[in-house]
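Read through the structure below, which is laid out as structure tokens, and then see the notes.
The values are calculated or read from the model by the stated rules, or taken from the named source; none is laboratory data. Every value quoted in this text rests on a predicted model; they were computed, and no experiment measured them. Virtual Cβ from ideal backbone geometry, glycine too; neighbours counted across all protein chains shown.
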């Protein structure tokens with residue numbers, strides 16, 4: 001038996017055609033066991049450990065390690081760190097240890113029946129024999145291209161299903177299921193659970209309240225999927241139609257002309273391209289347009305907004321029952337409806353018109369214009385990089401931007417101010433004002 005020991009530096013070590021003990025010590029080491037029943041220890045550092053043939057024991061110990069077992073019945077132990085295991089043959093034992101650890105079974109020649117809560121999984125080898133594997137301390141699984149059956153544990157699990165007709169059960173935890181093909185069954189169980197369908201080759205018609213969705217596969221056939229206890233959906237780059245359930249749903253639409261229907265719950269829709277239709281339904285609903293490549297002209301009272309796409313064409317979107325908007329990093333013009341609206345403007349020279357309702361405007365850059373309209377309205381300037389000189393009676397305020405230039409802003413019908421963490425000078429108007437100053441040496445004049 002050969003004993004091979006590395007240095008305190010970054011080593012590349014290789015075993016012999018016999019049973020070896022190979023230790024990497026410190027550094028980000030690369031160790032290959034080759035033939036024989038080897039014991040490989042990475043120890044410190046982010047190591048890459050390869051077992052080769054034989055029944056190997058591979059221990060990553062500390063660091064974010066990459067561990068491959070190859071053939072044989074291997075024992076793979078990650079230790080501390082976020083470790084990544086690959087093994088596609090044999091009766092293997094995976095122990096992730098601490099951290100968020102991943103097992104990739106992508107190369108198995110059959111689907112796997114896996115239950116992380118029971119710490120066990122099985123598949124059929126090339127001879128048709130059932131092979132059982134052990135999974136301890138594993139949070140993420142990259143499954144096979146065949147039909148997989150995947151059940152989580154109490155952790156926040158992530159499952160990748162790839163091809164095949166796959167079945168997912170999340171159990172406890174906030175789980176994520178990623179799949180791109182097949183007649184799949186998703187059951188999130190407890191927690192706030194996500195399905196990612198981004199890689200589909202067509203848009204999806206999805207209704208979480210009806211627990212069902214369908215899409216057209218590469219052969220033009222309609223494929224139906226089941227969605228139980230799912231709260232968040234990352235949809236496709238095509239034209240999607242997404243309907244929520246009674247929960248607080250999050251929908252991500254990406255490219256395509258998408259339609260969103262929130263239903264009950266405080267829902268969030270994230271989309272940055274296309275002629276989209278947003279209907280929040282009941283409760284307090286949000287649209288995020290942060291990724292648009294131009295500013296938006298938006299009027300919630302008129303239920304409409306428009307922006308210029310990359311070709312310079314004007315694109316119109318519909319906004320029904322929407323209360324909160326995360327706008328763009330460009331110049332936005334945002335008008336509210338009769339509800340209590342929240343507008344987030346980010347960069348750009350933005351204009352805000354609250355209308356009716358107790359509205360809130362959040363902005364930390366630019367020559368902005370705030371008009372609260374009716375009721376009791378708030379401006380938050382917390383993220384400004386300098387203190388503000390603000391006089392609500394004069395409807396004006398100024399601050400220094402990052403280049404040291406004085407920037408002036410307009411404040412009409414504003415009653416509440418959340419100022420900065422710097423030195424602020426705040427003067428009220430004839431209304432009952434609320435001023436929040438946070439850090440800094442601040443001056444307040446009520447008026």
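Odds and ends about this structure:
- Of the candidates 200, 186, the single residue that is in contact (Cβ under 8 Å) with a residue 24 or more places away in the chain, in a strand (DSSP E or B), within 25 Å of the chain's Cα centre (by Cα) and surrounded by 19 or more Cβ atoms within 10 Å (Cβ to Cβ) is 186.
- The combined condition, being crowded, with 18+ Cβ neighbours inside 10 Å and free of Cβ contacts under 8 Å to residues at least 24 places away in the same chain, is not fulfilled by residue 220.
- Across segment 26-35, the qualifying residues are those that are out of contact with any strand residue (DSSP E or B) (no Cβ under 6 Å at 6 or more places or on another chain) and surrounded by fewer than 21 Cβ atoms within 10 Å (Cβ to Cβ), and the one among them that is farthest from residue 78 (Cα to Cα) is 35.
- Scanning segment 349-380 for residues that are within 27 Å of the chain's Cα centre (by Cα) and modelled with pLDDT of 95 or more, we see that the one that is farthest from residue 398 (Cα to Cα) is 360.
- Test: residue in segment 109-121 that is at pLDDT below 95 and not assigned by TED's automatic domain parsing to the domain that holds residue 26: yes
- Odd one out for residue 337 among (1) out of contact with any strand residue (DSSP E or B) (no Cβ under 7 Å at 6 or more places or on another chain); (2) without any contact (Cβ under 8 Å) to a residue 40 or more places away in the chain; (3) on the phi > 0 side of the Ramachandran plot: (3)
- Every residue from segment 5-25 that is at pLDDT 90 or above and surrounded by 17 or more Cβ atoms within 10 Å (Cβ to Cβ): 13, 22, 23, 24
- Residue 303, sole failed condition from (1) within 21 Å of residue 331 (Cβ to Cβ); (2) at pLDDT 95 or above; (3) in the same structural domain as residue 328 (by TED's automatic domain parsing): (1)
- Residues of segment 242-269 satisfying the condition of being under 15 Å from residue 195 (Cβ atoms) and either part of a strand (DSSP E or B) or assigned by TED's automatic domain parsing to the domain that holds residue 311 (or both): 242, 243, 250, 251, 252
- Residues satisfying the stated conditions in segment 281-317, i.e. farther than 20 Å from residue 239 by Cβ and in contact (Cβ under 8 Å) with a residue 40 or more places away in the chain: 281, 284, 286, 290, 295, 300, 301
- Residue list for segment 387-399, filter: surrounded by 19 or more Cβ atoms within 10 Å (Cβ to Cβ) and either touching a residue at least 40 places away in the same chain (Cβ under 8 Å) or not in a strand (DSSP E or B) (or both): 387, 388, 392
- Applying the condition of being within 16 Å of residue 358 (Cβ to Cβ) and out of contact with any strand residue (DSSP E or B) (no Cβ under 7 Å at 6 or more places or on another chain) to segment 416-432 and asking which residue is surrounded by the fewest Cβ atoms within 10 Å (Cβ to Cβ) yields 432.
- Residue 348 vs. criteria part of a strand (DSSP E or B) and in the same structural domain as residue 401 (by TED's automatic domain parsing): no
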